[in-house]
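These notes are about the structure you will find just below.
None of the figures in this text is laboratory data; all of them are computed from the coordinates on show. Note that the coordinates shown come from a computational prediction; the quantities given were computed from them, not determined experimentally. Note that each Cβ is placed from the backbone with ideal geometry, even for glycine, and that neighbours are counted across all protein chains shown.
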Amino acid sequence: MTHEIINLASWLSISAGSIFCLIGALGLLRMPDFFTRMHAASVIDTLGAGLLLFGMMLQAGFTLVSVKLVFVGLLLFFTSPTATHALARAARARGLGPKLPDRK
Amino acid sequence: MSTTLINTALLLMMAVAAVAIARTRNLFSVVILGSLYSFLMATILLVLDAVDVSMTEAAVGAGISTVLLLATLYLTQSEEAKPHHNPLIPLAVALVTVGLLAYGTLGLPEFGSPDSVIHKHVAPRYLKEGPTETGVPNIVTAVLASYRGFDTLGEVGVIFTAGIGVIVLLRRRWRSDVDEKDT
Amino acid sequence: MFEAAAAALLISLAGALARALAGPTVFDRTQAANSSGTIAMLLLAVIGFMTDRPDFLDIAIVYGLLNVVGTIAVLKFFRYGDLGDPGSMPDEPDKQQSGEMK
Amino acid sequence: MRGDLVLRVIAKLLIPFILVFALYVQFHGDFGPGGGFQAGVIVAAAIIFHALIYGLPMTRRVVPEWVVEIMLASGILIFAGVGVATMLLGANFLDYSVLAHEPAHGQHRGIFLVELGVGITVTGVMLMIFYMFAGRSRSPHSEK
């Protein structure tokens, strides 16, 4: 019984993660300017990756694989905001500003 | 079946990335697309079960080659010069080569087929005896370091020579007069 | 089920690739490359589970570690035009004046 | 980028992890994916990351050029030295079976040493290439 519940939770989590990845990629494609696209990409790094890794962890159980998945998750947790931060700073230093609505 | 589909999708993306790399003139974009290309390559190698090569591609392609290419860009320009000759002849040569290679693959045994020659030569022995003979479960390491140790020594020699070559070409021992000459 | 996740990740990868090709600025491309690195990491993990050999997450970790090095290198090159430049400390003027420090 | 607090803190967190992971790749290469070449590249990437964040002059103080030079040569010397050692012990060049009492054990030991040599040389070469390229700087203080 518990096995089925864990299985179900893991599948739910994996499908939700996949959907968030798709949404992030869609945003990356469709958003109008760089800063909003960066916003969309962060969906992949946080919810998408987090839910997918969590689902896989439930599948793996208490094994070395889970430990490695935790490492992957921690790595993403630390590196992707850093990369985004550096990216935004570099873009600002280059004089790239967000696209604002036209106010007259 | 699913791995075939994944491979097809990844190879298609790689083809797109390769064409884009060839067409892009801004070399920064080329470096970035190159790292993307190596992501795809490493994933394909994993699907093909070549884990050690996949790891090498991930390590070299994602980090080092990007950094080294950027360091090279620093010494050159970031914009590729427009080719001033007609692209038709190189295109024809490339197409003929592709055709010949594609023709050549027709004579090869089917992908992954157990009857192909390489699977009948020394590989069965390595797979069967390797773990007991060398005490190393990863056959790739066993073959690389033990059975083909001499080859690997040669490879390390090549890497060493590359390092020495870079030192000889780029080191500035006498900074002041070199500076005057090349600026 | 892992197949479905792999398919979703492949489509996302294609989206990121399209953004990397479209640009328009280099930052867009870098962002797309970084995202595709993340997606590729996840794809490696999912493929590992799909083929019942999840031991190969090492490769995903290598990816993640070196992806950030590559991204930071590109960004540093953009900001300072030089990979070895130490940059300036916060109390000093931000950039382009690093030659005057010390 | 020394002035960027976020990057500096993350670099401090990440570089030790990268180095430890490189050791894992190096010494776990007998059992899983990995080996000397990959580990060498990862170590080099960690040190390059340090140079990216703290600047090349600082990294040159942490890992001086002469150390890199010694690494460059010593790796291949270890490799070839193992071969010479096996010859001295009465076997063929690079036939590790004589390195221990038991052939399989000796093979394992030989592979370990050889991979170590590969790793050291690869680290040295990658770092040397980076030092040489990034050191040819136009700004006056990056190379002193």
Intensity falloff of chain B expressed as log10 I(q)/I(0), Debye formula with alpha-carbon point scatterers, at q = 0.09, 0.17 Å⁻¹: -0.55, -1.40
Per DSSP, loop chymotrypsin sites (Phe, Trp or Tyr not before Pro) in segment A:50-104 with at most 16 further Cβ within 10 Å: A:Phe62
Centre separation in Å (Cα based) which lies between segment C:37-59 and segment D:1-40: 19
Nitroxide proxy distance, nm - points 7 Å out along Cα→Cβ at D:Leu89 and B:Glu79: 6.2
When segment A:2-93 is reduced to its Cα atoms, the Kirkwood hydrodynamic radius in Å: 14.2
When the convex hull of its Cα atoms is projected in every direction, mean area for the protein assembly as shown (nm²): 31.1
Cα extents of segment C:2-85 along the three principal axes, largest first (Å): 45, 27, 9
D_trans [Stokes-Einstein, Kirkwood Rh over alpha-carbon pairs] for chain D, 10 °C, 1.306 mPa s, µm² s⁻¹: 95
FRET efficiency, 1/(1 + (r/R0)^6) with R0 25 Å, evaluated for B:Leu101 and C:Glu3 via beta carbons: 0.20
Cβ-based exposure ranking for D:Trp66, A:Trp11, in which fewest neighbours within 10 Å come first: D:Trp66, A:Trp11
Order of D:Tyr54, B:Tyr103, C:Tyr63, D:Tyr24 - criterion: other Cβ atoms within 10 Å of each residue's Cβ, fewest first: B:Tyr103, D:Tyr24, D:Tyr54, C:Tyr63
Whole-Å distance, taken between Cα centres, linking segment D:82-106 and segment B:48-106: 41
